[in-house]
1. Could you tell me which of the residues Thr92, Thr82 is touching a strand residue (DSSP E or B) at 6+ places or on another chain (Cβ under 8 Å), over 30 Å from Arg41 (Cα atoms) and not in a strand (DSSP E or B)?
2. Pairs under 6 Å by beta carbon, first residue under 22 Å from Ser56 (Cβ atoms) in the range 1-17, partner part of a strand (DSSP E or B) and open to solvent by 100 Å² or more (accessible area, probe 1.4 Å), six or more apart or different chains?
3. Which condition does Gln159 not pass, out of (1) in contact with a Leu (Cβ under 8 Å, 6 or more places away or on another chain); (2) touching a residue at least 24 places away in the same chain (Cβ under 8 Å); (3) open to solvent by 40 Å² or more (accessible area, probe 1.4 Å); (4) in a strand (DSSP E or B), if it passes all the others?
4. Check off (1) in contact with a helix residue (DSSP H, G or I) (Cβ under 7 Å, 6 or more places away or on another chain); (2) under 19 Å from Lys150 (Cα atoms); (3) of a type in the set (A, V, I, L, M, F, W, C) for Ala6 and give me the number that stays unchecked.
5. Assess whether Met26 counts as being out of contact with any helix residue (DSSP H, G or I) (no Cβ under 8 Å at 6 or more places or on another chain) and surrounded by 13 or more Cβ atoms within 10 Å (Cβ to Cβ).
6. State the number of residues belonging to the range 168-183 that are within 24 Å of Gln38 (Cβ to Cβ) and either among the aromatic types (Phe, Trp, Tyr) or open to solvent by 90 Å² or more (accessible area, probe 1.4 Å) (or both).
7. Any idea which of (1) surrounded by 16 or more Cβ atoms within 10 Å (Cβ to Cβ); (2) within 25 Å of Phe137 (Cα to Cα) is the one Thr72 doesn't satisfy?
8. Residue pairs, Cβ under 8 Å, 6 or more apart or interchain, first in the range 104-128 and within 17 Å of Thr77 (Cα to Cα) and of a type in the set (D, E, K, R), second modelled with pLDDT of 80 or more and open to solvent by less than 60 Å² (accessible area, probe 1.4 Å). List them.
Amino acid sequence: GTMTFARMTALVETIAVWLPVTKRAMADAAQLRGIINQELRDALNEEIEDMILEGSGTPQFAGIAGTTGILTQAFATDLLTTSRKAITNLKTNGNEKPTAFVLSPSDWEGLELALFSAAPYLPYQKSLWRVPVVEYFGLTAKTGYLANWKKAVLWDREQASISISDSHADFFVRNLLAVLGEVRAAFGVIKPKAFVKITTA
């Protein structure tokens, strides 16, 4: 086998989410801090997932949609046909074996109903053409992805941290606190041709 490497730069981005809370609520409800911390961590993870797929670049990751050189699959007849052609596209032009489809809820609903209508006797599986399907609620409808997802990397430079301050705007005089969750990370696609962007309609 052969490999060719190119020098690339992946910028480390700071991703942050914050919300206001009253000092009284934080003092009076002992469990509130834990709930807020978990919600902020969940929000950070959702933001990272969105950026990995559709980030447009600084101050976001340059996501898969913005990566130069990924393969594309045009819509052909219906979504079943299109998804099968995407597998052939990935194998032929990228020389990669797919590990998962990522589809929007509306696209996956259409596929599931079509599959059930054609073969209601088959056992339920969240897969398409023997490839697992991830239903991602943050994905824009009419677009899907097929890829060998091992060819993308998230570099975690600083794990999620939660901090609290009253020094935001007029929060001190209003007895409010700003609770900030942030993470520093970089994202990169190791092999662009291991990804296919699918037009699903």
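The values are calculated or read from the model by the stated rules, or taken from the named source; none is laboratory data. It should be emphasised that the depicted structure is a prediction, and the values quoted were computed from it without experimental measurement. Positions of Cβ are generated from backbone atoms using ideal geometry, with glycine treated the same way; all protein chains shown enter the neighbour counts. Accessible surface is based on the protein model in full, side chains and every heavy atom, while ligands, DNA and RNA are left aside. Shrake-Rupley method; radii C 1.70, N 1.55, O 1.52, S 1.80 Å.
1. Numbers: Thr92 fails: touching a strand residue (DSSP E or B) at 6+ places or on another chain (Cβ under 8 Å).
Answer to the check: Thr82.
2. Qualifying pairs under 6 Å: Val12/Arg157.
3. (1)
4. (1)
5. Working: out of contact with any helix residue (DSSP H, G or I) (no Cβ under 8 Å at 6 or more places or on another chain): no; surrounded by 13 or more Cβ atoms within 10 Å (Cβ to Cβ): yes.
Spelling it out, it is not the case that Met26 is out of contact with any helix residue (DSSP H, G or I) (no Cβ under 8 Å at 6 or more places or on another chain) and surrounded by 13 or more Cβ atoms within 10 Å (Cβ to Cβ).
6. 1
7. Every condition holds for Thr72 apart from (1).
8. Asp107/Leu79; Asp107/Gly144; Asp107/Thr200
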